[in-house]
Amino acid sequence: MLGQKYEEFNGIKKKLPLIGIPFVIDDKPDLQIAHVIKGLFLSSQDPVVSKEILQKYEIRHVLSIGIDILIKFDDIKYYYCDLLDLPESNLLLAVKKCIRIIDEHRNENILIHCNAGVSRSPAIVISYIMALEKIPYEDAFNKVKNVRNCIKPNEGFVQQLRALQLSTIL
């Protein structure tokens, strides 16, 4: 998981030096904010550090999923939910916390983001849409995909969302 490589020869295991880093560096910022429904927005981490972009969308609350941002503005309230982007992560614990936060602050525009805005934050937004509109995963996924076409929740999150009966959470 950390990108370490090993070589085994004649039963002897030798750790190889790391060349590069174990993830892809994205040097092109993704400054797009998707307006999902009234008061609910979705993005990567990049727009969260731009005062101008946040003002353009009148964002008053930011919910960070799995990544705690360092740059924060005084007139915005920040919330954090710990969640790793791994299929075995328990999405349901995060869903309960995040749905409450979104529901309490959607009337003042809330932006949900993770690192890339592809898996974790879309999974949370999809769960909220499922609960709010009482619709199945596929319908909520398509609604979010229509406004942010790069979403791709990991397979573990998809399985958990499909199995989830969210009607009692809100």
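Open to solvent by 30 Å² or more (accessible area, probe 1.4 Å), of a type in the set (Lys, Arg), without any contact (Cβ under 8 Å) to a residue 12 or more places away in the chain and in a loop (DSSP other than H, G, I, E, B) - does that describe any residue in the range 69-83? Yes, there is a match, as at least one residue in the range 69-83 is open to solvent by 30 Å² or more (accessible area, probe 1.4 Å), of a type in the set (Lys, Arg), without any contact (Cβ under 8 Å) to a residue 12 or more places away in the chain and in a loop (DSSP other than H, G, I, E, B). Might you check whether a residue that is among the polar types (S, T, N, Q), free of Cβ contacts under 8 Å to residues at least 12 places away in the same chain and under 26 Å from Lys56 (Cα atoms) occurs anywhere in the range 128-145? Yes; the residues of the range 128-145 include at least one that is among the polar types (S, T, N, Q), free of Cβ contacts under 8 Å to residues at least 12 places away in the same chain and under 26 Å from Lys56 (Cα atoms). Within the range 98-118, the set of residues being outside any helix (DSSP H, G or I) and either of a type in the set (A, V, I, L, M, F, W, C) or at pLDDT below 95 (or both) comprises Ile110, Leu111, Ile112, Cys114, Asn115, Ala116, Gly117, Val118. Residues in the range 36-67 that are among the aliphatic types (A, V, I, L, M), within 14 Å of the chain's Cα centre (by Cα) and within 16 Å of Ile126 (Cα to Cα): Val36, Leu40, Leu42, Leu63, Ile65. In the set (1) modelled with pLDDT of 95 or more; (2) not in a helix (DSSP H, G or I), Asn142 fails one condition alone, (2). Considering the conditions (1) open to solvent by less than 80 Å² (accessible area, probe 1.4 Å); (2) closer than 18 Å to His61 by Cα; (3) not in a strand (DSSP E or B), Leu86 is excluded by exactly one of them, (2). Which members of the range 23-43 meet the condition of being assigned to a loop (DSSP other than H, G, I, E, B) and either β-branched (Val, Ile, Thr) or at pLDDT 95 or above (or both)? Residues satisfying the conditions are Val24, Ile25, Ile33, Lys38, Gly39. Can Tyr57 be described as under 27 Å from Lys28 (Cβ atoms) and not charged (D, E, K, R)? Yes; evaluated as a whole, the condition is true for this residue. Residues being in contact with an Asp or Glu (Cβ under 6 Å, 6 or more places away or on another chain), at pLDDT 90 or above and among the aromatic types (Phe, Trp, Tyr) are entirely absent from the range 51-58.
In the range 48-65, the residues that are closer than 20 Å to Asn115 by Cβ reach residues that are among the charged types (D, E, K, R) and buried (at least 21 other Cβ atoms within 10 Å of the Cβ) with C-beta atoms within less than 9 angstrom, at least six apart or across chains, in these pairs: Ile65/Arg120. Annotation note: of Leu132, Leu92, Leu164, the sole residue that is surrounded by fewer than 20 Cβ atoms within 10 Å (Cβ to Cβ), more than 30 Å from Leu70 (Cα to Cα), in contact with a helix residue (DSSP H, G or I) (Cβ under 7 Å, 6 or more places away or on another chain) and not polar (S, T, N, Q) is Leu164. Looking at (1) open to solvent by 40 Å² or more (accessible area, probe 1.4 Å); (2) outside any loop (DSSP other than H, G, I, E, B); (3) within 19 Å of Ile151 (Cα to Cα), find the lone condition where Ile126 falls short. Checking Ile126 against (1) open to solvent by 40 Å² or more (accessible area, probe 1.4 Å); (2) outside any loop (DSSP other than H, G, I, E, B); (3) within 19 Å of Ile151 (Cα to Cα), the one that fails is (1).
The values are calculated or read from the model by the stated rules, or taken from the named source; none is laboratory data. As the structure is a prediction and not an experimental result, all values here were calculated from the model. All Cβ positions, even for glycine, are placed from backbone atoms using ideal geometry, and neighbour counts span all protein chains on display. Note: accessible area is taken over every heavy atom of the protein model, side chains too, but ligands, DNA and RNA are not part of it. Shrake-Rupley method; radii C 1.70, N 1.55, O 1.52, S 1.80 Å.
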